[in-house]
Amino acid sequence: MVDWRFLVIMMQGLGFHPVMVKWIWEMVSTTSYSLAIKGESYGFFRGGRGLRQGDPLSPYLFTIMMEGFSMILRNCIREASDFEYHRGYEELDWTHLCFADDLFVFTKGDVHSVEVLKKALLSFNNGRV
């Protein structure tokens, strides 16, 4: 689930023009949904997080979010002395791959490496770049 404030922070940090950031903020933060049960519409409620499915900009915005995760994970690995790469991936310096809305993470699987990954995921969840 995409946190809109984190998206704005990432866009600003990546150097997006303030007008573009404002447009994206307006687009994502004004979402509203309606429930339809047996063909009957039951009012509207506002969204609080996430991106609109089917919106042509959503994949690009998701990519910006995953760049934020990549930065966080790289920092956590750099700070940790006990992180071990998955066999065969250290030479490539690969720790993860993002594809569409999937995330594949590669670590050795030992307790220390998984703790580094957990720290990165918690930081990402809390919106800390």
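The values are calculated or read from the model by the stated rules, or taken from the named source; none is laboratory data. The structure displayed is predicted, hence computed values, not measured ones. Note: ideal-geometry Cβ built from the backbone for every residue, glycine included; neighbour counts use all protein chains shown. For accessibility, only protein heavy atoms count, side chains too; no ligands or nucleic acids. Shrake-Rupley method; radii C 1.70, N 1.55, O 1.52, S 1.80 Å.
Residues of the range 1-29 that are surrounded by fewer than 10 Cβ atoms within 10 Å (Cβ to Cβ) and modelled with pLDDT under 75: Met1 alone. When residues in the range 96-119 are screened for being within 25 Å of Val8 (Cα to Cα), at pLDDT 80 or above, open to solvent by less than 90 Å² (accessible area, probe 1.4 Å) and not in a strand (DSSP E or B), 1 of them pass.
Are any residues in the range 5-24 without any contact (Cβ under 8 Å) to a residue 40 or more places away in the chain and farther than 14 Å from Phe62 by Cα, and if so, which ones? Gln12, Gly15, Phe16, His17, Pro18, Val19, Met20, Val21, Lys22, Trp23 - these are the residues of the range 5-24 that are without any contact (Cβ under 8 Å) to a residue 40 or more places away in the chain and farther than 14 Å from Phe62 by Cα.
Within the range 70-115, restricting attention to residues that are small (Gly, Ala, Ser) and in contact (Cβ under 8 Å) with a residue 12 or more places away in the chain, the residue that is nearest to Leu57 (Cα to Cα) is Ala100. Report yes if some residue within the range 73-84 is surrounded by 17 or more Cβ atoms within 10 Å (Cβ to Cβ), under 30 Å from Ser29 (Cβ atoms), hydrophobic (A, V, I, L, M, F, W, C) and more than 14 Å from the chain's Cα centre (by Cα); otherwise report no. Yes, there is a match, as at least one residue in the range 73-84 is surrounded by 17 or more Cβ atoms within 10 Å (Cβ to Cβ), under 30 Å from Ser29 (Cβ atoms), hydrophobic (A, V, I, L, M, F, W, C) and more than 14 Å from the chain's Cα centre (by Cα).
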